[in-house]
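Nothing in this text is a laboratory measurement; each read-out follows from the coordinates by a stated rule. Bear in mind the structure is a predicted one, so any value in this text is a computation, not a measurement. Quick reminder, even Gly has a Cβ in these numbers, built from the backbone with ideal geometry, and neighbours come from all protein chains shown.
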């Protein structure tokens, strides 16, 4: 039986590609779409394909009035947490592709998901190659203690660091050994130039670059005596790399309870 899907952020960069992919699939059916600026339009026509007979809603609460199995969220950092909690409360599984949430946010979502008996899969980046960046960096962290992260995005990206950078930092901080760099608290001058500190439980410095010509890029820089290793992922201009990973998460999330972070746990 086809899974019934609601896409929040249906007319966004990734949302458009997802709506088209769901419409073309045999194991999914689009039953709801959310996009405030396109409310009232047919979801298919709004993303440039044939009409789908699904009217875009102005809010997730409106879209949840119809029966569905999974909510996919590709919206904005300031609304994604409320969307996830509302979907879980309504008895839906959730796949989160929106960045901006941290470990504390996911702990709250995890508690709600377990209470509801539903699954949540969230990834800072659903592309396969970005997932390999995380996997390779975690392997390198076993052997090289000093590591910092630089994430790059367009000038208009509203959150820092990127979901890819934050997720990578939190994962690395859980496995790395203490580094040799002087602690930020002991520095003089403008301490903010050392980046933001993400610590769960050891600290990782993350630096965010925001300027034109970048889409999404992230690199982990490892430093040892007389040598360095850089592991980097660069996204292109198309949302296509994120679609396959997102739909894989949709297939898997209905089998889970609680939060799973990162696509690497599904590969």
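Taking 7 Å steps out from each Cα toward its Cβ at residue 267 and residue 191 produces label points 3.7 nm apart.
Rg(Cα) of segment 178-267 divided by 2.2 N^0.38 Å?
Details: Rg = 17.8 Å, N = 90, 2.2 N^0.38 = 12.2 Å.
Cα Rg divided by the expected 2.2 N^0.38 Å: 1.47.
The DSSP beta bridges internal to the chain are antiparallel in roughly 40% of cases.
Normalised by the number of residues in the chain, the mean separation of alpha-carbon contacts (under 8 Å, six or more apart) gives a relative contact order of 20 percent.
How far is the Cα center of segment 124-144 from the Cα center of segment 23-55, in Å? If you average the Cα positions of each part, the centres end up 34 Å apart. Residue order for 118, 182, 191, fewest other beta carbons within 10 angstrom first, comes to 182, 191, 118.
Between residue 159 and residue 4, the contour length at 0.36 nm per residue exceeds the Cα-Cα span by 52.8 nm.
Counted over segment 69-148 with a bin width of 5 Å, the fraction of Cα pairs per bin, in whole percents, is 3, 14, 23, 19, 14, 12, 9, 5, 1, 0.
Overall size of the chain from C-alpha positions, given as principal axis extents largest first: 61, 41, 31 Å. To the nearest 10 degrees, how steeply does helix 240-253 sit against the main Cα axis of the chain, on a 0 to 90 scale? Between the helix axis and the principal axis of the chain, the angle is about 80 degrees. Taking label positions 7 Å along the Cα-Cβ direction at both residue 145 and residue 184, the computed distance is 2.0 nm, reported to one decimal. Using 0.36 nm per residue and subtracting the Cα-Cα separation, the extra length available between residue 78 and residue 254 on full extension is 60.8 nm.
Using a Gaussian network model of the chain in which every pair of alpha carbons under 10 angstrom is joined by a spring, one finds that among 146, 42, 27 the greatest mean-square fluctuation is at 27. GNM on the chain, alpha-carbon springs under 10 angstrom: the most fluctuating residue among 127, 237, 89 is 237.
Of the residues 155, 35, 46, the one that moves most in a GNM of the chain with alpha-carbon contacts below 10 Å is 155. Relative to the longest principal axis of the Cα atoms of the chain, the long axis of helix 128-141 lies at roughly 30 degrees. Compute the helix-to-body angle for 80-89: its Cα long axis versus the longest principal axis of the chain, expressed 0 to 90° and rounded to tens. It is inclined by approximately 50 degrees. Extents of segment 128-234, taken as max minus min of Cα coordinates on every principal axis and listed largest first, are 35, 34, 27 Å.
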